[in-house]
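Worksheet for the structure shown next.
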Amino acid sequence: MAGNKPQKDDAWARAREFSDAMLHCQPYADDSMLFIMRYSTLRARDFSAMMSTFDKMTNLWATPVTEVPEGPEARAQMASEYREECMRYLEGFPELQADFDCFVTSSRAMTRAVNGGQV
């Protein structure tokens, strides 16, 4: 009885979809590991705090402009503040600081690819 139970083929299809989305995110397409692993060099506490702030930023970008009460200018200002907070966690890691905007762009592209073009 199959019911609503996920099938093995469903898992493989989802994995293939995720892999395809990652392959279209430059410059991470040629990395052999997920790009998030680059950031694991941070101390665990800083990594958790940075990813929490990054999550707030991605949730903000995922919110349609029409649903942000203060409008697009406020959304851009909040995103800028989140970016600066993330950059503070990356102090002492110039390579990660230089890479952060590309990391954000790739994350948004991956989300867009997985969510049917919406971010």
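The values are calculated or read from the model by the stated rules, or taken from the named source; none is laboratory data. Just so you know, these numbers come straight off a predicted model, no measurement behind them. Cβ atoms come from the backbone with ideal geometry, glycine included; neighbour counts cover every protein chain shown.
Looking at Ala79, Ala113, just one residue is touching a Phe, Trp or Tyr at 6+ places or on another chain (Cβ under 8 Å) and either outside any helix (DSSP H, G or I) or of a type in the set (A, V, I, L, M, F, W, C) (or both), and that residue is Ala79.
List pairs: first residue in segment 75-100 and closer than 17 Å to Thr58 by Cα, second residue part of a helix (DSSP H, G or I) and among the hydroxyl-bearing types (Ser, Thr, Tyr) anywhere in the structure, Cβ distance under 6 angstrom, at least six positions apart or on different chains. Once the first residue is closer than 17 Å to Thr58 by Cα and sits in segment 75-100, its partners that are part of a helix (DSSP H, G or I) and among the hydroxyl-bearing types (Ser, Thr, Tyr) give Tyr82/Thr53; Glu85/Thr53; Cys86/Thr53.
Taken together, Glu73, Glu67, Glu95 contain a single residue that is exposed (fewer than 11 other Cβ atoms within 10 Å of the Cβ) and modelled with pLDDT of 85 or more, which is Glu73.
Does segment 34-45 contain any residue that is part of a loop (DSSP other than H, G, I, E, B), closer than 30 Å to Arg14 by Cα, modelled with pLDDT under 85 and under 14 Å from the mean Cα position of the chain (by Cα)? Checked segment 34-45: at least one residue is part of a loop (DSSP other than H, G, I, E, B), closer than 30 Å to Arg14 by Cα, modelled with pLDDT under 85 and under 14 Å from the mean Cα position of the chain (by Cα).
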